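The structure appears below as structure tokens.
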Amino acid sequence: MKIKLVSIPVDNQEKALEFYTKKLNFVKKIDVPVGDGNRWLTVVSGEEQDGPELLLEPAPVNFEPTKVYQKALFDAGIPYTQFNTSNAQKEYERLIDLGVTFSVKPTEMGTVKIAVFNDTCGNHIQIVEVL
């Protein structure tokens, strides 16, 4: 088996697409209308365009339990997902320059360095550098 697609709940697909492509340098892979203003909208890493896709899932808009779960994670400061980077400090500085808000600055934790940012769409996202 392989991981092909992972979803993340977003409260606004268009805003999420802009953030993930303009700030994180991901690339739009699939964008198909599925009704009621929703889209099957995926992005991939600009560094691995044939890698796993991230579905920008509009579930919080359409399914109340998802909204409650997403808000509870966000309010607790718990990252919904994580992305790997080869240099957490450099990525942190690049994203700060783009106006991204971090709740956790680059911090060494054993064999990794992590940082946590707000994706502006209802999620905290963690970046991880394996040391």
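Here are the numbers for the structure shown:
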read-out: Residue check for PHE63: free of Cβ contacts under 8 Å to residues at least 40 places away in the same chain and touching a helix residue (DSSP H, G or I) at 6+ places or on another chain (Cβ under 7 Å); value: no
read-out: Output for the range 35-56, where each listed residue is assigned to a strand (DSSP E or B) and charged (D, E, K, R); value: ARG39, GLU53
read-out: Pairs where the first residue, in the range 80-95, is under 12 Å from LEU24 (Cα atoms) and the second is small (Gly, Ala, Ser) and surrounded by 14 or more Cβ atoms within 10 Å (Cβ to Cβ), C-beta under 6 Å, 6+ apart; value: TYR92/ALA115
read-out: Within the range 35-57, tally of residues that are open to solvent by 60 Å² or more (accessible area, probe 1.4 Å) and within 17 Å of TYR80 (Cα to Cα); value: 1
read-out: All positions within the range 6-34 that are assigned to a strand (DSSP E or B) and surrounded by 13 or more Cβ atoms within 10 Å (Cβ to Cβ); value: SER7, ILE8, PRO9, PHE26, VAL27, LYS28, LYS29, ILE30, ASP31
read-out: Residue in the range 107-131 that is least open to solvent (accessible area, probe 1.4 Å), counting only those that are out of contact with any strand residue (DSSP E or B) (no Cβ under 9 Å at 6 or more places or on another chain) and not hydroxyl-bearing (Ser, Thr, Tyr); value: GLY110
read-out: Residue check for VAL27: within 30 Å of MET1 (Cα to Cα) and free of Cβ contacts under 8 Å to residues at least 40 places away in the same chain; value: yes
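The values are calculated or read from the model by the stated rules, or taken from the named source; none is laboratory data. Only a predicted model underlies this, so the values are computations on that prediction, with no experimental measurement involved. Positions of Cβ are generated from backbone atoms using ideal geometry, with glycine treated the same way; all protein chains shown enter the neighbour counts. These area figures cover heavy atoms from the full protein model, side chains too; ligands, DNA and RNA do not enter into them. Shrake-Rupley method; radii C 1.70, N 1.55, O 1.52, S 1.80 Å.
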